[in-house]
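Structure first, then comments.
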């Protein structure tokens, strides 16, 4: 009798472990809603991983493929795997769940990090790395951390905001 009870309790325990583990696994995939404000535009990351924007779009900072302003939220693309956002003066950054980094909007000082100074009106991946974990956008510069703890910066640097000991702009990420 004791052996049957022990077996039953063990089976119940295994089922509970399986169910609780499954609940926590689902929560790990949820996205924390976020909001970020640029100079004349706003970004929102919904809990379903979709990205929305509205406001001034003169440099493509709404990421909808246009430069048309919008006074109501418009979805930025159709992806639903965004996990983090940052808004600069007229540019934006976002991380996807696969660790890739994306940027769009004004690129006057290379703040999009794509090696150019050409604006982008839709999100474009910055390099091929997939270990980005944190992002920040300044006036015309960008900062990002990788999972190995390294800090990267690019864009406008007239006041030394890239931390590289110079006042020279960089249009691609440089490790600090």
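As an exercise: evaluate residue 5 against (1) modelled with pLDDT under 95; (2) surrounded by 20 or more Cβ atoms within 10 Å (Cβ to Cβ) and give the number of the one condition it does not meet.
Exception for residue 5: condition (2).
Please specify each residue of segment 146-160 satisfying the condition of being in a loop (DSSP other than H, G, I, E, B) and touching a strand residue (DSSP E or B) at 6+ places or on another chain (Cβ under 7 Å).
Within segment 146-160, 147, 150, 156, 157 qualify.
Check residue 121 against each of (1) more than 21 Å from residue 77 (Cα to Cα); (2) touching a strand residue (DSSP E or B) at 6+ places or on another chain (Cβ under 8 Å) and name the one condition it does not meet.
It fails just one condition, (1).
I'd like the full set of residues that are free of Cβ contacts under 8 Å to residues at least 24 places away in the same chain and outside any loop (DSSP other than H, G, I, E, B), limited to segment 117-145.
124, 143, 145 - these are the residues of segment 117-145 that are free of Cβ contacts under 8 Å to residues at least 24 places away in the same chain and outside any loop (DSSP other than H, G, I, E, B).
Could you go through segment 96-116 and let me know if any residue there is on the phi > 0 side of the Ramachandran plot, free of Cβ contacts under 8 Å to residues at least 60 places away in the same chain and surrounded by fewer than 22 Cβ atoms within 10 Å (Cβ to Cβ).
Yes; the residues of segment 96-116 include at least one that is on the phi > 0 side of the Ramachandran plot, free of Cβ contacts under 8 Å to residues at least 60 places away in the same chain and surrounded by fewer than 22 Cβ atoms within 10 Å (Cβ to Cβ).
Being assigned to a loop (DSSP other than H, G, I, E, B) and more than 9 Å from the chain's Cα centre (by Cα) is the filter here, so list the residues in segment 89-114 that pass it.
89, 90, 98, 106, 107, 108, 109, 110, 111, 112, 113, 114
The values are calculated or read from the model by the stated rules, or taken from the named source; none is laboratory data. Here the structure is a predicted model, which is why all the values come from computation and not from measurement. Backbone-built Cβ (ideal geometry, glycine too); neighbour counts: all protein chains shown.
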